[in-house]
Amino acid sequence: MKVNAKKVLMLTKISKSYQNNLVINNFSLDFNYGDSVGIIGKNGSGKSTILKISCGLLKPDSGNVLLMGKSFDSTEDGLLIKSRMGVVLHEDMLYPQLTVFENLNFYSKILGIKNVNTKIEELSTLLNLSDYLKISVSKLSNGNKKRVSFAKSLLNDPDILFADEPESNLDDNGKEIVSKIFNDRRKRGLTNFFSTHSEIFLEKCSNQLINLKDFENA
């Protein structure tokens, strides 16, 4: 999409509480198209909350979010944003009773993907899922479910990919595949925003680091 905005993501003075627990306080960040940004912090520091707010899955208590120059506050803009982003969370957001192919086919139709079979074949080859296309998601290992989640998130070749601990549940081969995906996307001017506990993955896949420890007293 690459609308007339240099910054792909802008968070301005974001705050978020859960009951009486203030998780995010007056948090701001921005980064450009083509950046691959890793966010780190101890458990409970707000990494997942920031990602969910950034991709519109969670509404902040205060502050402003602009993604690709547009706001989730507008229904029309929100739909446009969601059509040009990809999301991989700990929850796989897949239908367990459907096969891998059926899941990818279903989401392809929602996204209006053309040449669906070709796209599914391309992604299943990339993520080593070709042997699992006819298998129900409920029967997959956690690692293969993660690979399917990545395939789903890449169907629309998103301008920005959000991933919460993308390396979790993956074996070494899976981590290498995802690292390559992240770096290939960046070379093409696409953006990644992810949380991680892995210094190795962070070093391989990011050109910008956000450490939430630096914001604790902000």
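Per-residue answers, yes or no, for (1) surrounded by 19 or more Cβ atoms within 10 Å (Cβ to Cβ); (2) touching a residue at least 40 places away in the same chain (Cβ under 8 Å):
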residue	(1), (2)
150	yes, yes
167	yes, no
173	no, yes
181	yes, yes
184	no, no
192	yes, yes
198	no, no
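Scanning the stretch 102-125 for residues that are touching a Phe, Trp or Tyr at 6+ places or on another chain (Cβ under 9 Å) and touching a residue at least 12 places away in the same chain (Cβ under 8 Å) yields 103, 113, 120, 123, 124. Among the residues of the stretch 37-81 satisfying the criterion of being surrounded by 18 or more Cβ atoms within 10 Å (Cβ to Cβ) and of a type in the set (Lys, Arg), which is nearest to the chain's Cα centre (by Cα)? Residue satisfying both the conditions and the ranking: 52.
Among the listed residues 124, 130, identify the single one that is surrounded by 18 or more Cβ atoms within 10 Å (Cβ to Cβ), of a type in the set (Gly, Ala, Ser) and farther than 25 Å from residue 51 by Cα. Residue meeting the stated conditions: 124.
In this structure, does residue 130 turn out to be within 28 Å of residue 97 (Cα to Cα) and without any contact (Cβ under 8 Å) to a residue 40 or more places away in the chain? Yes, satisfied. Say whether the condition of being of a type in the set (Gly, Ala, Ser), more than 16 Å from residue 195 (Cα to Cα) and either part of a loop (DSSP other than H, G, I, E, B) or touching a strand residue (DSSP E or B) at 6+ places or on another chain (Cβ under 6 Å) (or both) is met by at least one residue in the stretch 156-173. No, there is no match, as no residue in the stretch 156-173 is of a type in the set (Gly, Ala, Ser), more than 16 Å from residue 195 (Cα to Cα) and either part of a loop (DSSP other than H, G, I, E, B) or touching a strand residue (DSSP E or B) at 6+ places or on another chain (Cβ under 6 Å) (or both).
Taken over the stretch 83-110, the criterion of being under 16 Å from the mean Cα position of the chain (by Cα) and buried (at least 17 other Cβ atoms within 10 Å of the Cβ) is satisfied by 84, 85, 86, 87, 88, 89, 92, 94, 107.
Entry remark, the stretch 132-151: residues being part of a helix (DSSP H, G or I), closer than 21 Å to residue 172 by Cα and in contact with a helix residue (DSSP H, G or I) (Cβ under 8 Å, 6 or more places away or on another chain) number 9 in total.
Residues in the stretch 2-55 that are out of contact with any helix residue (DSSP H, G or I) (no Cβ under 7 Å at 6 or more places or on another chain), in contact (Cβ under 8 Å) with a residue 24 or more places away in the chain and part of a loop (DSSP other than H, G, I, E, B): 2, 3, 4, 5, 6, 33, 35, 42, 55. Among the residues of the stretch 85-131, those identified as part of a helix (DSSP H, G or I), aromatic (Phe, Trp, Tyr) and over 22 Å from residue 185 (Cβ atoms) are 101, 106. Counting the residues of the stretch 58-110 that are among the hydroxyl-bearing types (Ser, Thr, Tyr) and modelled with pLDDT of 95 or more gives 5. Condition (residue is assigned to a helix (DSSP H, G or I), under 23 Å from residue 43 (Cβ atoms) and at pLDDT below 95) applied to the stretch 186-200: is it met by at least one residue? Yes, there is a match, as at least one residue in the stretch 186-200 is assigned to a helix (DSSP H, G or I), under 23 Å from residue 43 (Cβ atoms) and at pLDDT below 95. Among the residues that make up the stretch 60-67, is at least one of them outside any strand (DSSP E or B) and out of contact with any Ser or Thr (no Cβ under 7 Å at 6 or more places or on another chain)? Within the stretch 60-67, none of the residues are outside any strand (DSSP E or B) and out of contact with any Ser or Thr (no Cβ under 7 Å at 6 or more places or on another chain).
The values are calculated or read from the model by the stated rules, or taken from the named source; none is laboratory data. No experiment lies behind these values; they were computed from the predicted model shown. Note that each Cβ is placed from the backbone with ideal geometry, even for glycine, and that neighbours are counted across all protein chains shown.
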